[in-house]
Amino acid sequence: MTQSATRTTTTDELLCDPPFSFRAADGARVEIGAATAGDADALAAMYDAFPLTDRTQGLPPTDADERREWLRTLLDAHGVVARRDGEIVGHAALIEAGDAHELAVFVAPNARGNGVGTGLLRGLLGAHRTRGGGRVWLAVESSNRCARALYRRFDFEVERRGRVELTMARTI
C-alpha cells in the first residue's frame, strides 16, 4: 500500500524577493521590482490619475503639493512597484513606525482585480523577511472588503476595530 501526502502551501512560501514577474488574471505580464527615486514621475502620474472618489482614507492626497510630499515619504521607505507593459500600475511601501513598519498598498483603478495587489505584497513582504522581518501593520477601511480579504490571505489579523477602519498586523 502506498501513501500520498497532500502538501498545503503556506502564505510565507508565497513570499519572494523582487524582481519577479507573473501573469495577471487579465493575461498581462506584470513585473514586480524595487521602487526607486527614478520612479517618482511615473508614480506621480499613477497617483494623479486616481479619481477623487477613489481615495482610501484620504490617500493619495488630492492637493498636488501634499501628494508630492506624501510620495517623497513613500519613496524614502522600502517599496516595490508593479509594471504592466512598462507602465507603473501599483506601488507598495513599508514605512518605519517605531519598532514596526506601516504598510501602504496602492493599485491603479484600471489594474485592480488582476492580482497586482497580491504580487506587490509577495514582493514587499518577501524582501522585508530577507531584510530581517518584524512587525507590519496597516489601517484599512472596514468597508473595503477586497483589501481586507487580500490582507487576510497574507495572515494579517485584526488588532483593533475603530468606527470606520480596522488595524491589521502580522509579524514576518
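List of remarks:
- Each label was represented as a point 7 Å from its Cα along the Cα-to-Cβ direction; for ALA37 and ALA64 these points are 2.3 nm apart.
- Label-point separation in nm, GLU13 to ASP76, each point 7 Å along Cα→Cβ: 4.0 nm
- 3J(HN,Hα) along region 138-155: 7, 10, 9, 4, 4, 7, 8, 5, 4, 5, 4, 5, 4, 5, 4, 4, 9, 6 Hz, from the Karplus curve 6.51 cos²θ - 1.76 cosθ + 1.60 with θ = phi - 60°, whole Hz, x for Gly and Pro.
- Shown in residue order for region 48-55 are the 3J(HN,Hα) couplings computed by the Karplus curve 6.51 cos²θ - 1.76 cosθ + 1.60 at θ = phi - 60°: 4, 7, 5, x, 4, 7, 10, 10 Hz (x for Gly and Pro).
- Of interest is the spacing of the C-alpha centroids, which for region 49-83 and region 125-172 amounts to 19 Å.
- Mean Cα-pair separation over length for the chain, i.e. relative contact order, pairs under 8 Å, 6 or more apart, %: 22 percent
- The alpha carbon gyration tensor of region 73-126 gives principal lengths a ≥ b ≥ c with a/c of 1.5 or higher and a/b greater than b/c, which makes the shape prolate.
- Estimated purely from DSSP H runs of n ≥ 4, each contributing -39500 (n - 2.57), the mean residue ellipticity at 222 nm for the chain is -8500 deg cm²/dmol once divided by its residues.
- Taken along the Cα-to-beta-carbon direction at a fixed 7 Å, the label points for GLU96 and ARG145 span 4.0 nm.
- Three principal axis lengths of region 7-100 [C-alpha, angstrom, descending]: 49, 37, 27
- The local environment of GLY90, defined by Cβ-Cβ distances under 12 Å, has a net charge of +1 under the rule Lys, Arg +1 and Asp, Glu -1.
- Structure-derived volume of the Cα convex hull per residue in Å³ - corresponding label in [x] 151; [y] 115; [z] 196: [x]
Each reported figure results from applying straightforward, stated rules to the coordinates on display, with no laboratory input. Source: prediction; values computed, not measured. As a convention, Cβ positions derive from the backbone with ideal geometry for all residues, glycine included, and neighbour counts pool all protein chains shown.
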